[in-house]
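The values are calculated or read from the model by the stated rules, or taken from the named source; none is laboratory data. Just so it is clear, the model here is predicted, and its values are computed rather than measured. No Cβ is skipped: glycine too gets one built from the backbone with ideal geometry, and neighbour counts run over all protein chains shown.
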Amino acid sequence: MDVRVKATDYELTPEASAYLDGRIAAIEKLLGSDALLARCEVEVGRDAGGMRHSDHMWFAEFNVITPGNGMMRATNRAPSVNAAIDDAQAEVMRQIRREKRLHIRILRRSGAFAKRLMRLG
């Protein structure tokens, strides 16, 4: 998977980078064979709008682009960088699972339709 990480108004520490790599690995595992062609763009940093010391001053944004399935996008703001990364990653994984279920459902319906046509013919 092609991974692009951008830090906005934030110096990405080795600990945060390792944490982010673990979260991206979970997304890659969920994609399966599509991971070779997928691209994951991650942006992490301080939120530009609002107060600098508020409860939601960190943000994480994930964009996962897979050929054939389109783009899954999630953005989250939280009191810590790790919490923002966790919530955004969970949302992207939910979207990927939903897309997989949709494709499986379509394949099953088309297979059942083909079977009905073979019975009639």
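Of note:
- Against the conditions (1) under 18 Å from A78 (Cβ atoms); (2) in contact with a Gly (Cβ under 9 Å, 6 or more places away or on another chain); (3) in a helix (DSSP H, G or I), A7 satisfies every one except (3).
- Residue identified as assigned to a helix (DSSP H, G or I) and over 17 Å from the mean Cα position of the chain (by Cα) among H103, H56: H103
- Reported count of residues in segment 59-86, each being in a loop (DSSP other than H, G, I, E, B), over 21 Å from E99 (Cβ atoms) and out of contact with any Asp or Glu (no Cβ under 6 Å at 6 or more places or on another chain), is 1.
- Considered as a group, the residues in segment 33-53 that are charged (D, E, K, R) and either at pLDDT below 85 or outside any strand (DSSP E or B) (or both) include one that is farthest from the chain's Cα centre (by Cα), and that residue is R52.
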